[in-house]
1. Can you name every residue in region 30-51 that is closer than 16 Å to Thr172 by Cβ and part of a loop (DSSP other than H, G, I, E, B)?
2. Criterion first (in the same structural domain as Val353 (by TED's automatic domain parsing), assigned to a loop (DSSP other than H, G, I, E, B) and of a type outside the set (S, T, N, Q)) does Pro255 satisfy it?
3. Taking the stated definitions as given, is Val97 more than 23 Å from the chain's Cα centre (by Cα), modelled with pLDDT under 95, of a type in the set (A, V, I, L, M) and closer than 30 Å to His33 by Cα?
4. If I filter region 116-129 down to residues being within 19 Å of Val97 (Cα to Cα) and among the small types (Gly, Ala, Ser), which single residue comes out as surrounded by the fewest Cβ atoms within 10 Å (Cβ to Cβ)?
5. Against the conditions (1) surrounded by fewer than 19 Cβ atoms within 10 Å (Cβ to Cβ); (2) outside the structural domain of Cys363 (by TED's automatic domain parsing); (3) in contact with a helix residue (DSSP H, G or I) (Cβ under 8 Å, 6 or more places away or on another chain); (4) in contact (Cβ under 8 Å) with a residue 60 or more places away in the chain, where does Asn226 fall short? Just the number, please.
6. I'm told Asp207 meets every condition in (1) touching a helix residue (DSSP H, G or I) at 6+ places or on another chain (Cβ under 6 Å); (2) closer than 21 Å to Arg34 by Cβ except one. Can you identify the failing condition by its number?
Amino acid sequence: MQLYPKHYCGVFGVFGHPNAAELTYYGLYALQHRGQESAGIVTCDGRQFHVHRGMGLVSQIFVGESLQALNGTMAVGHTRYSTTGSSHIRNAQPLTVDCARGQIAIAHNGNLTNAAALREELERRGSIFQTTVDSEIILHLMAQPSLNGHGTNNLIDTMRRIEGAYSLVIMTENELIGVRDPHGFRPLCLGQVGDGWVLSSESCALDLIHAKFVRDIEPGEVVVINQDGVHTFQAFPEHQRRAFCIFEYVYFARPDSTINHRNVYKVRVEMGRQLARENPVPADIVVPVPDSGNYAALGYSEETGIPYEMAFIRNHYVGRSFLQPSQLIRDFNVRVKLNLIPDLVRNKRVVIVDDSIVRGTTCKARVNTLKEAGAKEVHVRVSCPPHMNPCVYGIDFPDRNKLMAANYSIDEIRKYLNADSLAYLSMAGMVQATGLGKETFCRACYDGDYPVPYDSKVDKHIMERRRARVESPGEALAKEELQIKLL
């Protein structure tokens with residue numbers, strides 16, 4: 001089984017540009033690393049929405065005349081991995097609705113921690129859901145009357161009801177809106193291209209379309225873009241705690257992106273330097289696991305003076321295997337994704353640097369490959385602390401009982417990997433490498449400190465009740481028989 005964490009999603013939006021659909025296409029292309037399962041673009045010509053969604057890569061979905069049919073000077077786009085909701089076209093985003101408030105399209109990056117309870121409440125009040133994604137809950141809440149009776153405050157009413165992680169790009173018939181949750185779990189930035197405006201998960205997408213980076217959207221901020229310009233307000237003025245996902249710097253974000261005034265490439269190199277300071281070892285070469293370990297390995301090499309060698313060659317046509325929902329494809333990709341150059345490692349003491357170890361089997365395969373090629377020693381170095389807890393904010397880290405570091409000691413993991421030594425970057429070292437304070441980040445997957453409380457037992461109970469309501473006795477019996485066969 002492939003053991004890297006899955007990405008969540010990328011969002012993108014354009015306002016006031018005659019080629020809004022085309023710019024959004026390229027924006028999603030640049031954000032493809034955030035999800036390869038499905039993608040979609042919705043445009044508005046001032047009167048009606050035009051929608052095209054599909055399963056697969058951005059370049060596979062928008063072919064032929066599909067982009068030409070997306071008319072309008074406004075657009076919102078989304079590329080997805082299913083952290084919630086099944087892998088199905090009906091769950092592809094952006095989601096759209098035509099309600100009493102008009103047409104609304106929404107693209108969502110993150111997970112709502114109170115999604116199950118909100119969905120059950122909405123269903124009791126008569127809401128009918130078309131998807132299984134928590135993003136649709138936001139649409140239903142926005143479509144309902146405001147709690148205080150003022151339509152202009154409907155979005156704030158919605159934000160104050162939902163909990164967890166959300167960076168949103170919302171489009172109405174005359175506005176483009178960017179939203180971040182009050183903790184700022186997920187990135188979102190503002191850019192300008194000509195006379196138009198752009199919202200994007202990462203700044204690397206702005207570079208591709210020659211848009212000027214303006215700034216990051218602040219946690220809890222709402223940015224409204226319309227014919228009158230850009231308007232902004234803070235929906236949670238009293239909220240103090242920040243909780244940006246530190247794993248964006250470790251792994252998720254593209255190295256050419258800048259988040260919180262910190263270039264991701266430079267942060268990763270510094271993580272590698274700090275890893276070398278904390279965990280040096282005599283060796284002949286430093287080898288990264290491409291592509292995620294490249295920059296930390298470079299930093300490790302620079303700090304120690306040990307030569308850097310790209311001994312593993314990545315097959316770029318395989319794709320990022322952890323994003324593929326099929327287990328069969330994942331296993332195939334683990335075998336073909338990286339190929340070793342034996343001459344570079346034979347009779348050498350090798351330091352292999354990766355960004356993380358989740359369950360360990362992929363790392364074990366790399367260590368064995370190195371030793372089979374004649375490496376004298378293999379020392380594993382990891383540029384973040386051990387993952388001890390699942391993420392409930394949109395990263396598909398597995399349950400705690402499937403996390404290697406949560407169940408085994410460092411030495412037990414080393415023996416499993418067949419490595420001569422194993423060491424992780426410390427929490428303090430990881431934070432120090434960012435140049436920001438620890439109060440800036442969510443580190444729950446490492447230390448179990450969840451910024452937004454989450455009761456998994458309540459959530460599981462609600463989901464089981466829902467399944468019991470919708471599942472017929474025949475379906476339940478068939479499922480039970482299938483489980484017996486599998487056992």
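1. Asp45, Gly46, Arg47, Gln48
2. Considered against the rule, which asks whether it is in the same structural domain as Val353 (by TED's automatic domain parsing), assigned to a loop (DSSP other than H, G, I, E, B) and of a type outside the set (S, T, N, Q), Pro255 comes out as no.
3. So Val97 fits the description; yes.
4. Among them, the one singled out is Gly126.
5. So the condition that Asn226 fails would be (3).
6. Checking Asp207 against (1) touching a helix residue (DSSP H, G or I) at 6+ places or on another chain (Cβ under 6 Å); (2) closer than 21 Å to Arg34 by Cβ, the one that fails is (1).
The values are calculated or read from the model by the stated rules, or taken from the named source; none is laboratory data. Only a predicted model underlies this, so the values are computations on that prediction, with no experimental measurement involved. A quick note on method: Cβ atoms are made from the backbone with ideal geometry, for glycine too, and the neighbour counts reach across all protein chains shown.
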